[in-house]
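Asker: Got a structure here, written out as structure tokens. Questions coming.
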Amino acid sequence: MKEHSQADPEAIRIIIATDCGSTTTKCILIERKEEGFRQTFRGEAPTTVEAPFEDVTKGVLNSIQEVEELSGRKILDENDKIIYPSQGDTGVDIYISTSSAGGGLQMMVAGVVASMTGESAQRAALGAGAIVMDVLASNDGRLPHQRIDRIRRLRPDMILLSGGIDGGTVSHVVEMSELIAAADPKPRLGITYRLPVIFGGNVDCQDKVRDTLGEKTALTITDNIRPTLERENLMPARAKIQDLFEEHVMAQAPGYDKLMEWVDAPIMPTPAAMGLIMQTIARKKKMNVIGVDIGGATTDVFSDFKVEGQRIFNRSVSANLGMSYSVSNVMAEAGFANVMRWVPFDVEEQWLRNQIKNKMIRPTTIPQALSSLVIEHGLAREALRMAFIQHKSLAVGLKGVQQERGISDTFTQVATGESFIRMMDLDLLVGSGGVLSHAPRRSQAMLLMLDAFQPEAFTILAVDSIFMMPHLGVLSQVHEEAATQVFDRDCMIYLGSAVVPSGVARPGDRVCTYKFKWPDGSTDEGELKLGELKLFPKLAVGEVGEAEIHPTRAFDVGQGRGHAVKAHVHGGVVGVVLDGRGRPIYLSENHEERRKQLLSWFAAMNAYPDLSGITDVR
């Protein structure tokens with residue numbers, strides 16, 4: 001394995017970065033210009049981790065060669081080796097990569113109590129960039145042979161075993177370790193090495209767990225992830241997961257042994273790199289942030305909120321919600337009616353199911369007709385909505401903590417089971433993934449996020465321009481200044497601000513009166529009724545306007561129901577959206593009325609060409 005270089009940041013001028021996705025390998029070139037670091041060229045190629053190629057480096061080389069052709073810079077020598085260091089128009093200074101190819105990092109976690117140490121283990125694994133396939137617990141209602149069978153069938157890349165606060169239960173932890181030993185799990189990739197198991201539980205159990213699992217698995221012991229009921233300690237386990245991901249899992253995947261010899265920093269799971277850049281955004285801008293990455297197989301949701309003085313980061317992954325490989329699951333979980341409520345024309349159900357199956361067979365295809373695009377966006381709304389529901393169920397206060405709190409409390413936590421996600425406090429909503437980053441119109445991406453996440457009060461919306469956030473996440477570990485500069489200048493496309501009075505009323509009832517003051521001195525004022533959506537394309541990126549909102553007694557824009565608010569609104573490529581559709585969004589149950597609603601919203605956002613002529617797709 002290559003010794004990862006500690007290059008002097010001052011000497012770094014040219015950076016090449018790749019992300020090996022489940023479908024596509026993306027490559028970007030970053031160059032130091034007079035104004036600082038900029039992302040200059042981008043290439044992509046199909047990922048080649050599966051048959052017939054079974055060598056991930058072939059896709060990497062193809063994507064780098066496309067960057068070579070576009071930029072005129074010679075990066076590879078005649079033996080397809082990266083040229084170091086950069087000189088003139090030749091070579092690069094560092095090469096870095098992330099990966100989710102081959103299904104990414106797939107883990108099982110185990111704890112004593114599902115809602116306590118089980119959830120803590122799940123948060124640790126998710127934060128490290130893993131897909132959590134199942135959570136085993138002593139109280140999960142399954143018999144021992146059912147748990148053993150589950151481990152054998154799923155064949156995870158890694159298992160995280162937790163359980164017991166320090167000084168707490170021993171017998172239940174040992175019982176879980178004996179189940180893992182009895183299952184004698186075989187890894188998904190490779191047959192010549194033992195499965196990595198990380199133990200992050202009660203310190204009093206370490207010797208017994210070592211006796212049980214030390215011979216059958218590649219056991220690693222780390223700090224307890226739940227040392228007391230009131231505290232989580234997730235970072236040591238997350239660090240071990242990422243170390244073992246590169247050392248054990250990546251080394252077994254086709255071609256990754258070669259790729260690990262090329263890179264100048266550890267290969268990071270794509271979701272972990274996304275999480276890093278999300279945390280950087282939140283920390284540097286002092287904002288509460290939600291981010292989403294909707295891919296072909298999974299949908300990841302990230303959040304970083306300041307709660308009682310401390311920043312709390314959470315990630316969830318919906319492994320069965322995606323736009324190509326998993327699109328059938330979106331339909332199955334959401335249901336035909338929920339998908340079609342976002343489509344303003346009739347669709348024959350069997351025809352739609354056939355189209356979805358075709359998408360799974362040919363995952364790289366894109367919609368060729370306007371009607372197909374609208375249907376795909378309906379599916380995307382439901383995938384995002386369901387992934388966000390799952391995220392909110394995980395981003396909660398520690399369970400099992402005593403509710404009585406006094407002045408001597410050391411740790412501040414929200415109440416047991418209460419979600420950290422408070423949409424009134426959200427400052428920035430960031431979307432990434434093909435359906436958002438590559439939407440034909442930016443207003444479509446903005447409307448998708450408004451419909452799926454339903455932000456409240458004042459929120460800035462943005463998208464990743466060409467899906468480069470994972471590249472910048474791993475770059476931040478090597479050269480934070482370069483990552484930050486490229487993020488601000490080339491990655492984020494600010495769509496604008498959403499102003500959303502939250503509440504419920506009857507259709508046509510007044511929601512609020514409003515007045516906007518724009519930088520050119522002009523104003524827009526009037527009243528907003530329930531069901532209306534208004535777009536004001538008056539602010540460019542970087543410009544700031546003023547909003548004065550007077551909600552009725554049924555609505556809240558951040559200061560309580562009926563209380564007026566004055567706030568700044570930020571510009572973007574779409575504009576400022578005044579959303580009067582209520583929270584939750586009011587959609588008529590009458591088909592014709594709902595059709596009129598959708599068409600009016602699409603027209604207000606200038607999201608699609610005229611759809612009124614499309615009434616039926618079969």
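The values are calculated or read from the model by the stated rules, or taken from the named source; none is laboratory data. Treat the numbers as computed from the prediction; the structure is a model and nothing was measured. Neighbour counts run over all protein chains shown; Cβ positions are idealised from the backbone, glycine included.
Asker: Note down all Cβ pairs under 8 Å where the first residue falls in segment 128-146 and is assigned by TED's automatic domain parsing to the domain that holds G201 and touching a residue at least 24 places away in the same chain (Cβ under 8 Å), the second is hydroxyl-bearing (S, T, Y) and buried (at least 20 other Cβ atoms within 10 Å of the Cβ), and they're at least six residues apart or on different chains.
Answerer: From segment 128-146, the pairs are G129/T270; I131/T298; A137/T117.
Asker: Turning to a different aspect of this structure: Take the residues of segment 131-158 that are part of a loop (DSSP other than H, G, I, E, B) and in contact with a helix residue (DSSP H, G or I) (Cβ under 8 Å, 6 or more places away or on another chain): which is farthest from Q252 (Cα to Cα)?
Answerer: Only one residue fits best here, namely N139.
Asker: Sort out which residues of segment 476-502 are more than 30 Å from Y586 (Cα to Cα) and within 18 Å of the chain's Cα centre (by Cα), and write them in order of number.
Answerer: Within segment 476-502, the subset more than 30 Å from Y586 (Cα to Cα) is 476-492.
Within segment 476-502, S476, F487, C491, M492 qualify.
Asker: Also, I was wondering about something else. Output yes when any residue across segment 302-311 is modelled with pLDDT under 90, part of a strand (DSSP E or B), surrounded by fewer than 23 Cβ atoms within 10 Å (Cβ to Cβ) and β-branched (V, I, T), and no when none is.
Answerer: Yes, the conditions are met somewhere in segment 302-311.
Asker: Mind checking which pairs have a first residue in segment 47-65 that is over 22 Å from R188 (Cα atoms) and a second that is acidic (D, E), Cβ under 7 Å, 6 or more apart or different chains?
Answerer: L61/D80; S63/E44
Asker: Any idea how many residues of segment 8-59 are in contact with a Gly (Cβ under 8 Å, 6 or more places away or on another chain) and among the small types (G, A, S)?
Answerer: 3
Asker: Are any residues in segment 30-49 hydroxyl-bearing (S, T, Y) and in contact with a Leu (Cβ under 8 Å, 6 or more places away or on another chain), and if so, which ones?
Answerer: Result: T40, single match.
Asker: Between V60, V67, which is in contact with a Phe, Trp or Tyr (Cβ under 7 Å, 6 or more places away or on another chain) and either in a strand (DSSP E or B) or aliphatic (A, V, I, L, M) (or both)?
Answerer: After ruling out the rest, the residue left standing is V67.
Asker: Ok, one more. Can you tell me which residue among A128, A182 is within 30 Å of A253 (Cβ to Cβ), more than 31 Å from the chain's Cα centre (by Cα) and among the hydrophobic types (A, V, I, L, M, F, W, C)? Talk me through it step by step, then tell me what you get.
Answerer: Numbers: A128 fails: more than 31 Å from the chain's Cα centre (by Cα).
Testing whether each residue is within 30 Å of A253 (Cβ to Cβ), more than 31 Å from the chain's Cα centre (by Cα) and among the hydrophobic types (A, V, I, L, M, F, W, C) leaves just A182.
Asker: Return the residue satisfying two criteria in turn: it lies in segment 228-262 and is assigned to a loop (DSSP other than H, G, I, E, B) and touching a residue at least 12 places away in the same chain (Cβ under 8 Å), and of such residues it is surrounded by the fewest Cβ atoms within 10 Å (Cβ to Cβ).
Answerer: Ranking the candidates gives L229 first.
Asker: Let me ask something else. Out of I225, I198, I191, which single residue is over 25 Å from L398 (Cβ atoms) and either at pLDDT 90 or above or in a loop (DSSP other than H, G, I, E, B) (or both)?
Answerer: The conditions single out I191.
Asker: Now a separate question. Cβ-Cβ below 6 Å, separation at least six or inter-chain, first residue in segment 269-285 and under 11 Å from F313 (Cβ atoms), second among the basic types (K, R) and at pLDDT 85 or above: which pairs?
Answerer: Note: pairs meeting the criteria are G275/R315.
Asker: So, one more: Please tell me if V92 is in a loop (DSSP other than H, G, I, E, B) and surrounded by 15 or more Cβ atoms within 10 Å (Cβ to Cβ).
Answerer: yes
Asker: Moving to a separate point now. Could you check segment 377-395 and list, in sequence order, the residues that are part of a helix (DSSP H, G or I) and crowded, with 21+ Cβ neighbours inside 10 Å?
Answerer: We begin by selecting, within segment 377-395, every residue part of a helix (DSSP H, G or I); these are 377-394.
Hits for segment 377-395 are H377, G378, L379, A380, R381, E382, A383, L384, A387, F388, H391.
Asker: For segment 380-405, name all the residues that are modelled with pLDDT of 85 or more and not polar (S, T, N, Q).
Answerer: A380, R381, E382, A383, L384, R385, M386, A387, F388, I389, H391, K392
Listed here are the residues, each with its yes/no results for (1) more than 25 Å from the chain's Cα centre (by Cα); (2) in contact (Cβ under 8 Å) with a residue 60 or more places away in the chain; (3) outside the structural domain of D293 (by TED's automatic domain parsing).
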position: Y325; (1), (2), (3): no, yes, no
position: N329; (1), (2), (3): no, no, no
position: E333; (1), (2), (3): no, no, no
position: V343; (1), (2), (3): yes, yes, no
position: Q350; (1), (2), (3): yes, no, no
position: P363; (1), (2), (3): no, yes, no
position: I389; (1), (2), (3): no, no, no
